[in-house]
Amino acid sequence: MHHAYDVLVNLVTKEQATGEISFTEYHRVEEIYMWLKNMEMANKDVMELIKIGTTHENRDILVAKLSVGQTNTNESRKAIFLEGGIHGREWISSAAVINLLQLILEKWDHRGCDIYLLPLANPDGYEFSHSSRRMWRKNRGRSPNILLNTFGLCKGTDLNRNFPTFWGEDVTNFTWFEGSRLSCAETYIGAHPGSEPETKAIIDFVTQHREELSAYVSIHSFGNVVVYPDNYSDKPDVQSEVEMMAKKLAESLEEGSGGEDRYESGPIGCVRYRAVGSVEDWARHAMGIKWVYLVELPSNEDGFFFPSEEIPRVGSSLLNFLKTLVPEM
């Protein structure tokens, strides 16, 4: 059933492939994947869908590559990787990324830069958040505890605690924000670094493209911040550059929202809290990617229940964010 869209796609003609979807409501995984297939068919010259892995529940993990003006396959091009939905309950993260995809296709000639968009980094957790437990955060992997696994209890790993860099550092059964070694905890770090198929998929894909990637951006909800890894560089000029860029990006998000959403910026350990084994630390310290940021989207007073009718405003903010970052890459 998870691949039913493949059958449906074969019935869609080029003329029918309009890629229409509502950006005033949240959609399920199958709807999003069908829309992505439609968009690929309608924009074959600039868009390619790439399957980078498969989840525990046998769902595809799909990256959309947007590329304009590439005529020579050997041409050296800069690229950016933007990931959303790594935590299932953060619906606005995935919705804003697919809205951003549409806005890029409609409004922005990003010539000379390839854009990789991963709207559902955790499709199993996202779907479970829709179908069963709204506040589900983790993926849907089994607990390593034999007894718990026998009864189907304590499933899931926090994917943003499962990357190899600093994995498990100072983490105990009693820590929380940094991560936890208890599989029942929301911030469970996994049985070992990179233990989860979703984590492996991102690691393999980014590693394959590391030479071209100048930026990695992780989109979360909620908090109205633009943050970057602690101890970003031992070079003062690099540290200063990433700080100044974060301020510019925070301003660009506010501007893109029409002044509706205010953002602050700074190192993650100062503005938010440190999470060991995060994709941000891995992208910066293991991959050496120049610009690495985590964006916590706006909340107002809605928390994780961000109003769906406001998705377009957040999508527009992210487009302005990219237009600010890409020229600096």
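Since every read-out is calculated from the coordinates, none of them should be taken as a lab result. Just so it is clear, the structure is predicted and the values come from calculations on it, not from any experiment. All Cβ positions, even for glycine, are placed from backbone atoms using ideal geometry, and neighbour counts span all protein chains on display.
Region 242-315: D in µm²/s via Stokes-Einstein (Kirkwood Rh, Cα pairs, 10 °C, 1.306 mPa s)?
Translational diffusion coefficient: 115 µm²/s.
Normalized C-alpha radius of gyration of region 155-199, against 2.2 N^0.38 Å?
On the way: Rg = 9.0 Å, N = 45, 2.2 N^0.38 = 9.3 Å.
Dividing the Cα radius of gyration by 2.2 N^0.38 Å gives 0.96.
What's the whole-number percent of alpha carbon pairs in region 184-233 lying beyond 13 angstrom? Please list the in-between numbers first.
Numbers: 909 of 1225 pairs.
Within region 184-233, distances greater than 13 Å cover 74 percent of Cα pairs.
Where both partners of a DSSP beta bridge lie in the chain, what percent of those bridges are antiparallel, to the nearest 5?
For the chain, the DSSP antiparallel bridge percentage is about 35.
Under the Cβ-under-4.7 Å rule, which cysteines of the chain stay unpaired?
If one checks each Cβ against the other cysteines of the chain, C113, C270 turn up with nothing under 4.7 Å.
So what is the 222 nm mean residue ellipticity for the chain from helices alone, if each DSSP H run of at least 4 adds -39500 (n - 2.57) and you divide by all residues, rounding to the nearest 500 deg cm²/dmol?
Numbers: 9 runs with 103 residues, N = 329.
Helix-only estimate at 222 nm: -9500 deg cm²/dmol.
How many angstrom lie between the Cα centre of region 256-325 and the Cα centre of region 219-244?
11 Å
Determine the alpha carbon to alpha carbon distance for each of K155/K200; K200/K290; K200/K248; K44/K290; K138/K247; K65/K290 and list only those over 23 Å.
K200/K248; K44/K290; K138/K247
Near the amide H of C113, under 5 Å away, which other amide H atoms are found, from residues 5 or more places off or on another chain, if H is placed in the peptide plane?
V68
How do the peptides 53-61, 277-285, 299-307 rank, highest first, by the average count of neighbouring beta carbon atoms within 10 Å per residue?
Top to bottom by mean Cβ count within 10 Å: 277-285, 53-61, 299-307.
Taking N as the number of residues in region 184-318, what value does Rg over Cα atoms divided by 2.2 N^0.38 Å take?
This ratio for region 184-318 stands at 1.11.
How large is the Rg to Rh ratio of region 56-137 when both quantities use alpha carbon positions and Rh follows Kirkwood?
Radius of gyration over Kirkwood radius for region 56-137 works out to 1.08.
Seen from all sides and averaged, what is the projected area of the convex hull of the Cα atoms in region 76-202, in nm²? Working shown, then result.
Numbers: hull surface 37.0 nm².
Its Cα hull, projected and averaged over all orientations, spans 9.2 nm².
Divide the volume of the convex hull of the Cα atoms of the chain by its number of residues and quote the answer in cubic angstrom per residue. If you can, show how the numbers build up before the last one.
Working: hull volume 43.1 nm³, N = 329.
Cα convex hull per residue, to the nearest whole number: 131 Å³.
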